[in-house]
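Below: one structure, written as C-alpha cells.
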Amino acid sequence: MSTAAVLARTGRAEWSRIWSVRSSWAFALVTAAAVLGIATIIGIDNAGDPTGVPDDATAWDGGRPTAMFALFGILAMSVVTSTADHATGGIVPTLQWTPRRRVLLAARAGVVVATTTLLGVLLVAAASVVVWAFLPGLGLPLGDGLETLGGLALVYATSALLAVGLGLLLRSTAGGLVSVIALVLVLPPLLGNLPYDWAVDLSAAMPGSAAVHLIFGGGPSEDMTTTSSRTTLVAWAAAALLGGGWRLLTADADR
C-alpha cells in the first residue's frame with residue numbers, strides 16, 4: 001500500500017479516534033459555551049452603552065476578545081487527544097495497526113491541528129455574529145472577517161501544534177497540559193510584569209506573548225511586531241513537534 005493511502009487511512013482513524021470519546025465533545029461544547037457566552041456579554045454591555053464603541057469598529061472587533069477563550073480550549077483539546085492512547089496503553093495497538101511511525105506522526109499532528117484550528121475559527125466567527133446581532137450598526141465586512149480569522153487561524157494552528165508536540169514528547173496528559181499552559185498562559189504575563197529587562201525579553205520570546213500580540217496587538221515589549229510574533233509561534237511549534245516526533249520515532253511506545 002502506498003504511503004499516501006496509508007496516510008489517508010490513518011488520518012480517518014485519527015479523526016474517528018478524536019470524536020469517538022466523550023472528552024472531545026466535552027471540550028468542544030465547553031469552549032463553545034464560553035466563547036459564545038462572552039460574546040453575548042460583550043454584545044449586551046455595548047448595546048446598553050454604545051458610546052464606548054469606536055466609530056471604525058466592526059463586529060469582528062467585538063468577537064476578537066473571545067479568541068483567547070477559544071485558545072484555552074484548543075490547547076487542552078490538542079494535548080488530550082494527542083496523549084490519550086499513551087495514557088491508556090492504546091498506543092501499542094495503534095502502532096501495530098500503523099507501524100509506519102512517520103505516517104502516524106503526520107496524521108496525528110495534521111488531524112488534531114486541523115480539527116482544533118477549524119473549531120476555534122468557527123467559534124470566533126460565530127461570536128462575531130452574536131456581537132453583530134446586538135450591535136447591527138457595526139457591520140460584518142467580509143474583508144475584515146477574512147483578515148481577522150486568517151490571523152487567528154495561524155495562532156490556533158501553531159498553538160495546537162505546540163500542544164501536540166509537547167504531548168508526544170512528554171507522553172503525559174497532565175504533563176502536557178501543565179507545560180503548554182505555563183508557556184502560553186502563565187509564564188509570559190508573569191515574566192512580563194517583572195521589573196527586569198531580561199524577564200521582559202524572555203516573556204516576549206515565549207509563545208503566549210506572541211499569541212496575545214497577534215490577537216490584541218499588545219505585548220510585554222514594544223519591539224514586538226506581527227512578523228516577529230508569527231516567527232516566534234512557528235519556531236516554538238516546530239521545535240515542539242521535532243521533540244515530540246523524535247520521541248515517537250525513536251523510543252519504545254510504552255516508555
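Descriptive notes on the structure:
- Test: residue in the range 141-148 that is closer than 27 Å to residue 61 by Cβ, in contact with a helix residue (DSSP H, G or I) (Cβ under 6 Å, 6 or more places away or on another chain) and surrounded by fewer than 20 Cβ atoms within 10 Å (Cβ to Cβ): yes
- Across the range 10-57, the number of residues qualifying as under 27 Å from residue 98 (Cα atoms) and either without any contact (Cβ under 8 Å) to a residue 12 or more places away in the chain or of a type in the set (Val, Ile, Thr) (or both) comes to 9.
- Filtered by the rule that a residue be over 20 Å from residue 150 (Cα atoms), of a type outside the set (A, V, I, L, M) and surrounded by fewer than 21 Cβ atoms within 10 Å (Cβ to Cβ), the range 205-225 gives 221, 222, 223.
- Residue-level check: of (1) buried (at least 23 other Cβ atoms within 10 Å of the Cβ); (2) at pLDDT below 95; (3) more than 23 Å from residue 54 (Cα to Cα), residue 103 misses just (1).
- For the range 80-91, the count of residues that are closer than 18 Å to residue 122 by Cβ, assigned to a helix (DSSP H, G or I) and at pLDDT 90 or above is at least one.
- Residue match in the range 55-76 (condition: farther than 30 Å from residue 217 by Cβ and either touching a Pro at 6+ places or on another chain (Cβ under 7 Å) or of a type in the set (Phe, Trp, Tyr) (or both)): no
- Subset of the range 214-255 (residues that are part of a loop (DSSP other than H, G, I, E, B) and not charged (D, E, K, R)): 217, 218, 219, 220, 221, 224, 225, 251, 253
- Selected residue (only one of 17, 64, 12 is over 18 Å from residue 153 (Cβ atoms), at pLDDT 90 or above and part of a helix (DSSP H, G or I)): 12
- Residue count, the range 209-224 (criterion: more than 19 Å from the chain's Cα centre (by Cα) and without any contact (Cβ under 8 Å) to a residue 12 or more places away in the chain): 1
- Top-ranked residue of the range 38-93 - restricted to ones that are among the aromatic types (Phe, Trp, Tyr) and within 30 Å of residue 169 (Cα to Cα), ranked as surrounded by the most Cβ atoms within 10 Å (Cβ to Cβ): 69
- Out of 188, 195, 220, sole residue that is out of contact with any helix residue (DSSP H, G or I) (no Cβ under 9 Å at 6 or more places or on another chain), at pLDDT below 95 and not aliphatic (A, V, I, L, M): 195
- Selected residue (criterion: modelled with the lowest pLDDT) from residues of the range 20-31 that are among the aliphatic types (A, V, I, L, M) and either surrounded by fewer than 18 Cβ atoms within 10 Å (Cβ to Cβ) or not in a helix (DSSP H, G or I) (or both): 21
- Out of 247, 230, one residue alone is closer than 28 Å to residue 83 by Cβ, touching a Lys or Arg at 6+ places or on another chain (Cβ under 8 Å) and not hydroxyl-bearing (Ser, Thr, Tyr). It is 247.
- Contacts under 8 angstrom Cβ, first residue in the range 155-179 being without any contact (Cβ under 8 Å) to a residue 24 or more places away in the chain, partner part of a helix (DSSP H, G or I) and surrounded by fewer than 24 Cβ atoms within 10 Å (Cβ to Cβ), 6 or more apart: 179/170
- Among residues of the range 117-155, those that are under 20 Å from residue 229 (Cβ atoms) and hydroxyl-bearing (Ser, Thr, Tyr), counted: 2
- Among (1) touching a residue at least 12 places away in the same chain (Cβ under 8 Å); (2) farther than 23 Å from residue 73 by Cβ; (3) among the hydrophobic types (A, V, I, L, M, F, W, C), the one test that residue 206 misses: (2)
The values are calculated or read from the model by the stated rules, or taken from the named source; none is laboratory data. These numbers come from a predicted model, not from an experiment. Cβ coordinates were reconstructed from backbone atoms using ideal geometry, including for glycine residues, and neighbour counts include every protein chain displayed.
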